[in-house]
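Colleague: This is the structure, below, for whatever I ask next.
Just so it is clear, none of the values below were taken in a lab; they were calculated from the coordinates. In this text, all values refer to a predicted model and were calculated from it rather than measured experimentally. So basically every Cβ, Gly included, is an ideal-geometry build from the backbone, and we count neighbours across all protein chains shown.
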Amino acid sequence: MNVENLKLEFVKIYGEGEIAGYFSPGRVNLIGEHTDYNGGYVFPCALSFGTYCLVRKTNNPMFRFASLNVKNREELSLDELTTPLKKGNWVNYPLGTIAQFVKQGYELSSGADLLFYGNVPNGAGLSSSASLEISTAVAINDVFNFQLSQVELVKMGQKAEHEFAGVNCGIMDQFASGMGDIDHAIFLNCDTLDYELVPIKLDGVKIVIGNTNSPHSLSSGKYNERVAECHAAVEELKPYKFINQLADISYDEFRALENKIENETVRRRAHHVVSEIERTVKAVDALKSGNLEYFGELMNASHDSLRDDYEVTGNELDTMVEEARKIDGVIGSRMTGGGFGGSTVSLVKDDAVDSFIENVGKNYETRTGIKPGFYVAEIGKGGHKVF
Ligand code: GLA
């Protein structure tokens, strides 16, 4: 669906008049998983697919929401903008974002008509929801001329996810969607929000995303359970070293104190987080010094830790990663995103990409009965105005 067609669709639904268009991407995380809500490092990049938001301010006090992906439409009055709709309704994502403007005292002087179109595969763990939130935030900020910074918009997207989707997520997805840049990954400190855009120049190597087509569902409660386990670990470590979050303890300090954590599961969860933060720092260094082999080893170790300590992989992700690692020319392979289904990310040498897609696809399907999808990632630009 190109931009001209999107405009035509908008006119079909809402009639003739001025339209502004915005786009915000999905993301793939290269390493640093389940570290963001622990104040740790992440290393995601924005993708070239994402969500378009077309918008027109109106003269009536209503917000109308339509999508080209989902049939359901909503029409809400200005005083209904801070109340979540029924769980599972897609409008909760843009609505939850608009609610943040209202809650922060930014006055919406009129209503608006909004049309969304997304090309991030749903449930693939590539942040379709963050791209929906950030495209909304960027659009509302611009058409109502609120002049908020992009980072403020990113924070609003995260709040929408907490309050309107019930997922206590960290900031990685919304940050990548809002702040990403072409051919760069974002090395982000999720505690301070200091970040560095690191050029991704992979000579002769591609980033290949493998969608297991086994939908991940963050609201399933497992995600929030992990967040709670990390908080429990912090509480148990506190009497021995005062920390506010797991990022405040180094790997060596953690190893010396880990036996203070009584519950074995909680101990393993914390072990994943603390080791993953360390791996992320090492991986960025490796990439900067051109040591892709080591970067790949760290990706592999990240997956194994998410599988064994954090237990967020599951059969489909593990199978795809196992099959990927059998292919000559694969430098590293891991799950990406929240887990429990969704996608893998692999670094694959150019001349191995075709056989990767063919063989991983075939073997994965034989073993799981599910047909996967593959995309060679193009690193795109964070949320922006298109027209
Ligand atoms: C989901 C969340 C992110 C992050 C990842 C795991 O994508 O939305 O905040 O926690 O899982 O790294």
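Colleague: For the range 311-362, what does the alpha-carbon gyration tensor say about shape, rounded, prolate or oblate, given a ≥ b ≥ c as the root eigenvalues, a/c under 1.5 as rounded, and a/b over b/c as prolate?
Modeller: Verdict is prolate for the range 311-362.
Colleague: Also, I was wondering about something else. Per residue of the range 121-137, what does 6.51 cos²θ - 1.76 cosθ + 1.60 with θ = phi - 60° give for ³J(HN,Hα)? Whole Hz please, x for Gly and Pro, Karplus curve as stated.
Modeller: x, 5, x, 8, x, 10, 6, 4, 5, 4, 5, 5, 5, 6, 5, 5, 4
Colleague: Please state, rounded to one decimal and in Å, the Kirkwood hydrodynamic radius that the range 3-199 gives when every pair of distinct Cα atoms enters the mean of 1/r.
Modeller: 16.7 Å
Colleague: Give me the Kirkwood hydrodynamic radius of the range 98-161 in Å, from all C-alpha pairs, to one decimal place?
Modeller: Here the Kirkwood hydrodynamic radius works out to 12.5 Å.
Colleague: Filter Lys206/Lys381; Lys201/Lys282; Lys12/Lys206 down to the pairs with a C-alpha to C-alpha distance above 29 Å, please.
Modeller: Check vs 29 Å cut-off fails for Lys12/Lys206.
Colleague: Test of the criteria: in the range 233-302, which GluC sites (Glu not before Pro) are in a DSSP loop and have at most 16 other Cβ atoms within 10 angstrom of their Cβ?
Modeller: Sites meeting the loop and neighbour criteria: Glu262.
Colleague: Normalised radius of gyration for the chain, please: alpha carbon Rg relative to 2.2 N^0.38 Å, two decimal places.
Modeller: Normalised Cα radius of gyration, the chain: 0.99.
Colleague: Given the chain, what percent of its DSSP beta bridges are antiparallel, to the nearest 5?
Modeller: Beta bridges within the chain, antiparallel portion: roughly 90 percent.
Colleague: Sequence-distant or interchain residues sharing an amide H contact under 5 Å with Gly26, placed H: which?
Modeller: Excluding prolines and chain starts, which carry no amide H, the hits are Leu47, Phe49, Gly50, Thr51.
Colleague: Where does each of Val284, Val274, Val42 land when they are ranked from fewest to most other beta-carbon atoms within 10 angstrom?
Modeller: Ordered by Cβ neighbours within 10 Å, fewest first: Val284, Val274, Val42.
Colleague: When the dipole is taken about the Cα centre of the chain, and only Lys, Arg (+1) and Asp, Glu (-1) are charged at their Cβ, what size is it in debye, to the nearest 20?
Modeller: Dipole about the Cα centre, nearest 20: 720 debye.
Colleague: Could you give each residue of the range 163-177 its phi-based ³J(HN,Hα) in whole Hz, using Karplus coefficients 6.51, -1.76, 1.60 with θ = phi - 60°, and x for Gly or Pro?
Modeller: 8, 10, 10, x, 9, 7, 6, x, 9, 3, 5, 5, 5, 5, 5
Colleague: For the chain, set up a GNM with springs between Cα atoms under 10 Å and report which of Tyr364, Tyr195, Tyr223 has the largest fluctuation.
Modeller: Tyr195
Colleague: Scan the chain and report its longest stretch carrying no trypsin sites (Lys or Arg not before Pro) that are both in a DSSP loop and have at most 15 other Cβ atoms within 10 Å.
Modeller: By the stated rule (loop sites, at most 15 other Cβ atoms within 10 Å), 88-200.
Colleague: Can I ask one more? Output ³J(HN,Hα) for the range 149-155: one whole-Hz value per residue in order, computed from phi by the Karplus curve 6.51 cos²θ - 1.76 cosθ + 1.60 with θ = phi - 60°, and x for Gly and Pro.
Modeller: 6, 4, 5, 4, 5, 4, 5
Colleague: Here's something else I'd like to know. Taking every DSSP beta bridge that has both residues in the range 3-199, what percent is antiparallel when rounded to the nearest 5?
Modeller: 85 percent
Colleague: Sticking with this one: Straight-line reach from Lys7: which aspartates and glutamates have a Cα under 17 Å away, not including same-chain ones fewer than 8 places off?
Modeller: Glu16, Glu18, Asp113
Colleague: Tell me which residues come under 5 Å, amide H to amide H, from Ile200 once H is placed; ignore anything under 5 positions away on its chain.
Modeller: His184, Ala185
Colleague: What 222 nm value per residue comes from the helices of the chain, counting each DSSP H run with n ≥ 4 as -39,500 (n - 2.57) and dividing by all residues, nearest 500 deg cm²/dmol?
Modeller: Value at 222 nm, helices only, nearest 500: -13000 deg cm²/dmol.
Colleague: Among residues other than Tyr14 whose Cβ falls under 12 Å from its Cβ, what is the net charge (Lys/Arg +1, Asp/Glu -1)?
Modeller: Every neighbour counted, the sum reads +1.
Colleague: Further question: Could you list Ser177, Ser305 in order of exposure, starting from the residue whose Cβ has the fewest other Cβ atoms within 10 Å?
Modeller: Ser305, Ser177
Colleague: Once each part is reduced to its C-alpha centroid, what is the distance from the range 140-158 to the range 1-66 in angstrom?
Modeller: Value for the Cα centre distance between the two parts: 13 Å.
Colleague: Which of the lysines could be linked to Lys103 by a straight reach, that is with a Cα gap under 23 Å, when you skip same-chain ones fewer than 8 residues away?
Modeller: Cα-Cα hits under 23 Å: Lys57, Lys86, Lys87, Lys155, Lys159.
Colleague: Right, another one. Which net charge results for the neighbourhood of Asn92, defined as the other residues with beta-carbon distances under 12 angstrom from its beta-carbon, given Lys and Arg at +1 and Asp and Glu at -1?
Modeller: -2
Colleague: Sticking with this structure for a sec: Return the long-range amide H neighbours of Thr58 (sequence gap of 5 or more, or a different chain), with a cut-off of under 5 Å between placed amide H atoms.
Modeller: Sorted by chain and number, the residues that satisfy this are Gly111, Ala112, Asp113.
Colleague: While we're here: Reachable aspartates and glutamates from Lys349, Cα under 19 Å, same-chain residues fewer than 8 places away excluded?
Modeller: Within the straight-line cut-off, Lys349 pairs with Asp183, Asp203, Glu293, Glu297, Glu322, Glu323, Asp328, Glu358, Glu378.
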